[in-house]
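J.: Provided herewith is a single structure, encoded as structure tokens, for subsequent inquiry.
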Amino acid sequence: MTAVSDTSELPSVKAETVLSARSRKPANLGQILRWLLLFLGGLLMIAPITYMISTSLKWPHEIYNVNLIPEEPTIENYTYVLEDGRFYLWFVNSIIIAVITTVSNLFFDSLVGYTLCKFRFPGRYIVFIAILSTLMIPTEMLVIPWYMMSQSFGWLDSYWGIMFPGLMTAFGTFLMKQFFESVPDDFLEAARIDGLNEFQIWWKIAMPLVKPALAALAIFVFLGNWTAFLWPLIVTNSVEMYTVPVGLSGFGDEVDVAWELIMTGAAISTLPTLVVFLIFQRFIIRGVVMAGLKG
Amino acid sequence: MAKLSLKKLTKSYGKVEVLHGIDLEVDDGEFVVFVGPSGCGKSTSLRMIAGLEEITSGEIWIGGRKVNDLEPKDRDIAMVFQNYAIYPHMSVRKNIAFGLWNAPLSKAEKAARIEEVARILDMSELLERKPSQLSGGQRQRVAIGRAMVRNPAVFLFDEPLSNLDAQLRTQMRLEIKKLHQQVGNTIIFVTHDQVEAMTLADRIVIMKDGHIQQVGTPEDVFHAPANTFVAQFIGAPSMNMLNVTGAGDEISLSSGIKMQPGRQTQTGQPLLLGVRPDDLSVDDQNPIVTGKVVVREPLGSETLIYVSGPQGEIVAKVPGKSGVKVGDEVKLGATPEALHFFDTETGDALV
């Protein structure tokens, strides 16, 4: 009832908006279907996150109840996880690995992508195909040679061991090469006449023009490494070298998995991914490249 | 400022030769325009001078230095691109400053140069703007500024006006001409627009299929074209071409009209007679062609009339107030000095 009386007191402008919204022609079946599909998609996305947060607020005895709202909500799990010194260690490990890997990918993927895109040299196509073909080999198959390599180089249980397979990716190289195709050669030639060397042209002219692609790649790579589980699990032995996903999986004892603690750790560990996304998404603005050309 | 020489310059892509030995001497401070239809090799020549395309054979000399193996930055040139190529992520000031990337100048000297160029190009108030906040003409000016600030021996312009609308193009054309008179550097300017070529150039280089057809002042190429290609490429509308047969001091047209061109011809020799629409006058005593006006295109001060007769269709430019109507029978003639004769087979002008 209060809501109705509120509406009647709305200023006239808002009342008009309400009216115009009402007088729009009714949605057709296609639109309703589209909304329904979007709604279902949204539900699918949000459900696990909601369940994760819900579980993180439950006592151990309640975790197998599927109710969304805990009967006796508690922040005890958060206190436990944050007071457990190991979590900080894993968090720092994960941050170091994800940040270094992201920076390395942004640098090397775009350098190789640029070279493959803008330079004509014999074997260019073969190199590109060779890089692309590695996309078809699943990680599960690669971990064995990676492990053997790490072992013989003495990289087991070290940052370098965790990071080295992902410092450059075929996907990132492909993505950057495709984006550099949209950078007109005239910019590079103008810079060549202005006196920049090839590295400066890449860094000062080409890179700023593909910022949206770099932002997208940064988000992909960071998320991929932040959530990586299999390889860090295999290559690390000591608890101090664990990353967050590996560490979390070990909560509990041999008999019981402490789901409430795992979910709590997972909930905390989504925060950096949110931060990364918020930082980089603003660079994903299209149309930057064309601004210096004919208008 | 410097001389530019091209010596037997060729360019091949694989087995296909696209430039077949270009020889050209450009004087210090000269404004030379390369003009020709697309694919004639004009842009390729320019890019070879800039160092953006490799030279297959031949030599390029700038200011007494052979520059074949020099990097673009070391050739003492600056280039303005067709689509401006000003860096979208930098302000106008930074864009112009990039032209001084390698200049051995102090920060203050560089800043002074940028201000100076901005003043000449009348864009001092635009220096802090980004390219996206500029109009097409202003972007073009920034591109010219970036070239100017280097004070190069040779300016290279690659169809810089073709992306501007008609009015702005005329305005920028004038500005470029004034700029040249002001700074006096050697300029090589590429265009496919013959009006641009005629209005800007000290000398025009007309190219076709990788060969130079003629090099000369705008007056030379207009009044004394070296061949039928030049005759028809320069001037709008194109020069009319008629098949005639020589007969001593007379020639006979396919329509049966005979006339005295004021020169000797071999009897029975087939020739091409060229006459510009501007040189034709209506109701001439000694007409070259007679026929009916089929189309009339009023341009204001002048009117183009298309006359159809036994010799085919030819176009004439008559005064705007002449009152010629569609369907009128007209006799078109020209003075002997206005007639051009060409070899039917080679297309070369007969002197």
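Only the coordinates and a few stated rules stand behind these numbers; no lab work does. As the structure is a prediction and not an experimental result, all values here were calculated from the model. We place every Cβ from the backbone using ideal geometry, glycine too, and count neighbours over all the protein chains shown.
J.: What distance in nm separates the simple spin-label points at A:L37 and A:V257, each placed 7 Å from Cα in the Cβ direction?
T.: Each label point lies 7 Å from its Cα, and together they span 3.4 nm.
J.: Tabulate in residue order the Karplus-calculated ³J(HN,Hα) for the stretch B:255-263, using 6.51 cos²θ - 1.76 cosθ + 1.60 with θ = phi - 60°, rounded to whole Hz; enter x for Gly and Pro.
T.: 6, x, 5, 10, 8, 9, x, x, 7
J.: Which pairs break 27 Å Cα to Cα here: B:K7/B:K208; B:K208/B:K292; B:K11/B:K130; A:K118/B:K208; A:K118/A:K204; B:K177/B:K208? Could you put the intermediate results ahead of the total?
T.: Details: B:K7/B:K208 18 Å; B:K208/B:K292 35 Å; B:K11/B:K130 38 Å; A:K118/B:K208 30 Å; A:K118/A:K204 15 Å; B:K177/B:K208 25 Å.
In this structure, B:K208/B:K292; B:K11/B:K130; A:K118/B:K208 exceed 27 Å between Cα atoms.
J.: Can you tell me, using C-alpha contacts under 8 Å and at least 6 residues apart, the relative contact order of the stretch A:82-292 as a whole percent? Spell out each step's value before the answer.
T.: Numbers: 206 pairs, mean separation 69.4, N = 211.
Computed over the stretch A:82-292, the figure is 33 percent.
J.: Could you tell me how many degrees, from 0 to 90 and to the nearest 10, lie between the Cα long axis of helix B:166-183 and the main elongation axis, the longest principal axis, of the Cα atoms of chain B?
T.: Computed tilt is about 60 degrees.
J.: I would also like to ask the following. Want the number for B:S238 to B:D328: 0.36 nm per residue separation, take away the alpha-carbon distance, what's left? Don't skip to the end; give the middle numbers.
T.: Working: separation 90, 0.36 × 90 = 32.40 nm, distance 2.27 nm.
Difference between extended and current length: 30.1 nm.
J.: May I pose another question? Taking the Cβ-Cβ separation of B:D249 and B:R65 as r and a Förster radius of 56 Å, what is the calculated FRET efficiency to the nearest 0.05? Display every interim value, and only then the final one.
T.: On the way: r = 55 Å, r/R0 = 0.98.
It comes to 0.55.
J.: Using Cα atoms only, what is the angle between the long axis of helix B:107-120 and the major principal axis of chain B, expressed in degrees (0 to 90) to the nearest 10?
T.: Once rounded, one gets 30 degrees.
J.: Can you put A:S54, A:S238, B:S45, B:S132 in order, fewest other beta carbons within 10 Å first? Mind dumping the intermediate values first?
T.: On the way: A:S54 20, A:S238 7, B:S45 28, B:S132 14.
If I rank by nearby Cβ atoms, fewest first, I get A:S238, B:S132, A:S54, B:S45.
J.: Now, a different point. Relative to the first principal axis of the alpha-carbon coordinates of chain B, what is the inclination of helix B:136-148, with its axis defined by its Cα atoms, in degrees from 0 to 90 and to the nearest 10?
T.: On a 0 to 90 degree scale, this one is about 70.
J.: What are the ³J(HN,Hα) values, in whole Hz, obtained from phi via the Karplus relation 6.51 cos²θ - 1.76 cosθ + 1.60 with θ = phi - 60°, for each residue of the stretch A:65-74 in sequence order, with x given for Gly and Pro?
T.: Using θ = phi - 60°, the values come out as 7, 8, 4, 6, 9, x, 5, 10, x, 9 Hz.
J.: Report the label-to-label distance for A:V99 and B:E25 in nanometres (one decimal), using points 7 Å from each Cα along the Cα→Cβ vector.
T.: 6.7
J.: Can you tell me the equivalent ellipsoid semi-axes for the stretch B:240-343? Use √(5λ) from the Cα gyration tensor, largest first, whole Å.
T.: Details: eigenvalues 130, 33, 23 Å².
Output for the stretch B:240-343: semi-axes of 26, 13, 11 Å.
J.: For the stretch B:268-304 and the stretch A:60-132, compute the distance between their C-alpha centroids and round to whole Å.
T.: Result: 79 Å between the Cα centres.
J.: Of B:K317, B:K11, how do they rank once you tally other Cβ atoms within 10 Å and put the fewest first?
T.: Values: B:K317 19, B:K11 22.
The most exposed by this proxy come first: B:K317, B:K11.
J.: What's the extension gain from A:Y88 to A:T74 if we count 0.36 nm per residue and subtract their Cα-Cα distance?
T.: Numbers: separation 14, 0.36 × 14 = 5.04 nm, distance 2.13 nm.
My answer for the length gained is 2.9 nm.
J.: Something else now. What three numbers, in Å, describe the spread of the alpha carbons of the protein assembly as shown along their principal axes, ordered from the longest?
T.: 120, 72, 51
J.: Sticking with this structure for a sec: May I ask for the distance between the Cα centers of the stretch B:314-351 and the stretch A:172-243, given as a whole number of Å?
T.: 65
J.: Let me ask you something else. Please pull out the direction-averaged projected area of chain A, using the convex hull of its alpha-carbon atoms, in nm² to one decimal place.
T.: On the way: hull surface 103.2 nm².
Average of the hull's projected areas for chain A equals 25.8 nm².
J.: Here is a further query. Just to check, using Stokes-Einstein with a Kirkwood Rh over alpha carbon pairs, what's the diffusion coefficient of chain B at 10 °C and 1.306 mPa s in µm²/s? The partial results should precede the final answer.
T.: Values: Rh = 22.7 Å.
The diffusion coefficient I find is 70 µm²/s.
J.: Which of the helices in chain A, when you take each full DSSP H run, stretch at least 24 Å along the axis at their Cα atoms and have an average Kyte-Doolittle score of 0.5 or higher? All intermediate terms of the calculation are to be shown ahead of the outcome.
T.: Details: long enough: A:29-56 (40 Å, 1.46); A:85-118 (49 Å, 1.11); A:259-281 (32 Å, 1.54).
Helices meeting the criterion: A:29-56, A:85-118, A:259-281.
J.: Provide the packing ranking of B:272-282, A:111-121, i.e. peptides ordered by the mean count of other C-beta atoms within 10 Å per residue, highest first.
T.: Details: B:272-282: 20.6, A:111-121: 16.5.
Peptide ranking by packing, descending: B:272-282, A:111-121.
J.: Take every residue in peptide B:75-81, count the Cβ atoms of other chains within 10 Å of its Cβ, and give the average of those counts.
T.: Numbers: counts 1, 0, 1, 3, 6, 1, 9.
Per-residue shielding by partner chains comes out at 3.
J.: Okay, moving on. Could you pull out every residue, at least 5 positions away or on a different chain, whose amide H is within less than 5 Å of the one on B:I22? Hs are placed 1.01 Å off N in the peptide plane, and Pro or chain starts have none.
T.: B:K8, B:L9, B:T10
J.: Once you treat every alpha carbon in the stretch A:174-288 as an equal point and sum by Debye, what is log10 I(q)/I(0) at q = 0.12, 0.16, 0.21 Å⁻¹?
T.: Taking Cα atoms of the stretch A:174-288 as identical point scatterers yields -0.63, -0.84, -1.11.
J.: Check A:A258: other-chain or 5+ apart residues with amide H under 5 Å from its amide H, H built from backbone geometry?
T.: Hits under the 5 Å cutoff: A:G252, A:D253.
J.: Could you list B:I288, A:I53 in order of exposure, starting from the residue whose Cβ has the fewest other Cβ atoms within 10 Å? Walk me through the intermediate numbers first.
T.: Working: B:I288 26, A:I53 15.
Ascending Cβ contact count within 10 Å gives the list A:I53, B:I288.
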